[in-house]
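Each remark here refers to the structure printed beneath this line.
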Amino acid sequence: MENILITGYRAHELGIYNNKHQGIPYIRKAIANRLLPLIEEGLQWVITPGQYGVDLWAIEVAIELKSQYPDLKCSILTAYQNPEEQWNDDKKAYFQELMKGVDFYAPVSKSPYQGPWQFTARDDLLLRKTDGILLVYDEDGGEASPKFIKERALKKQAADGYRFISIGSEEIQAVADEESMSQDFY
């Protein structure tokens, strides 16, 4: 696999409203744990839709991994022009800081938000340009926005072998438990 799409929950769907939330490091670590073997196998690009939540935490992980794996590249492909304009100042500053480490950024639609069709066009492009998906989503937690990309990715998997990798709440909890045990040990 050369190009992977990473997406999942929006921050608010997890009850996360700022980057100081204690769960974010565990989500990032779970993503890194899944990315490392893929990078070792030849992964070249991490691509996300750039929405506030899993998408940006994954970009943050990819940027950090670039110091160890300088050939790794990361990209944000948003649905429309300037999605961060609707965000508060802290989220905007976080996004702008991440943009400094991104290798490629583009909106799929050059217009501001006009309708749901922009998300469909973005997802079409993301699925076409990637060899697989790493999805942070757990249906046991109730339906949320990742449901739609999951359905499309599974159809693509059935049709042409698109690789589907998921991270659920149990995996993130295992990372948190492991971190907690290692801190208690020292």
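Some values worked out for this structure:
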| quantity | calculated |
| --- | --- |
| Filtered residue count, region 1-40, keeping only those that are within 19 Å of residue 153 (Cβ to Cβ) and either among the aromatic types (Phe, Trp, Tyr) or part of a loop (DSSP other than H, G, I, E, B) (or both) | 3 |
| In region 141-186, residue nearest to residue 27 (Cα to Cα) [restricted to those that are among the polar types (S, T, N, Q), open to solvent by less than 90 Å² (accessible area, probe 1.4 Å) and in contact with a Phe, Trp or Tyr (Cβ under 9 Å, 6 or more places away or on another chain)] | 166 |
| Condition met for residue 124 (acidic (Asp, Glu), farther than 15 Å from residue 5 by Cα, over 14 Å from the mean Cα position of the chain (by Cα) and modelled with pLDDT of 95 or more) | no |
| Residue in region 140-152 that is of a type in the set (S, T, N, Q) and free of Cβ contacts under 8 Å to residues at least 12 places away in the same chain present | no |
| In region 110-120, residue surrounded by the fewest Cβ atoms within 10 Å (Cβ to Cβ) [restricted to those that are in contact (Cβ under 8 Å) with a residue 12 or more places away in the chain and more than 20 Å from residue 5 (Cα to Cα)] | 110 |
| Residues being among the basic types (Lys, Arg) and without any contact (Cβ under 8 Å) to a residue 60 or more places away in the chain - total across region 153-165 | 2 |
| Residue 23 vs. criteria among the small types (Gly, Ala, Ser) and within 24 Å of residue 87 (Cα to Cα) | yes |
| Only one of 6, 63, 76 that is more than 10 Å from the chain's Cα centre (by Cα) and modelled with pLDDT of 95 or more | 63 |
| Criterion: modelled with pLDDT under 95, assigned to a helix (DSSP H, G or I) and over 27 Å from residue 17 (Cα atoms) - qualifying residue of 140, 184, 177 | 184 |
| Region 56-89, residues that are farther than 18 Å from residue 131 by Cβ, of a type outside the set (A, V, I, L, M) and outside any loop (DSSP other than H, G, I, E, B) | 57, 60, 64, 78, 83, 84, 85, 86, 89 |
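Each row is one residue, and each column tells you yes or no for (1) hydrophobic (A, V, I, L, M, F, W, C); (2) open to solvent by 20 Å² or more (accessible area, probe 1.4 Å); (3) touching a Leu at 6+ places or on another chain (Cβ under 7 Å).
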residue	(1), (2), (3)
49	no, no, yes
54	yes, no, no
60	no, yes, yes
75	no, no, no
91	no, yes, no
102	yes, yes, no
108	yes, yes, yes
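The values are calculated or read from the model by the stated rules, or taken from the named source; none is laboratory data. Since the model is a prediction, treat every value here as computed from it, not as a measurement. Cβ coordinates were reconstructed from backbone atoms using ideal geometry, including for glycine residues, and neighbour counts include every protein chain displayed. Note: areas computed on protein heavy atoms with side chains; ligands, DNA, RNA excluded. Shrake-Rupley method; radii C 1.70, N 1.55, O 1.52, S 1.80 Å.
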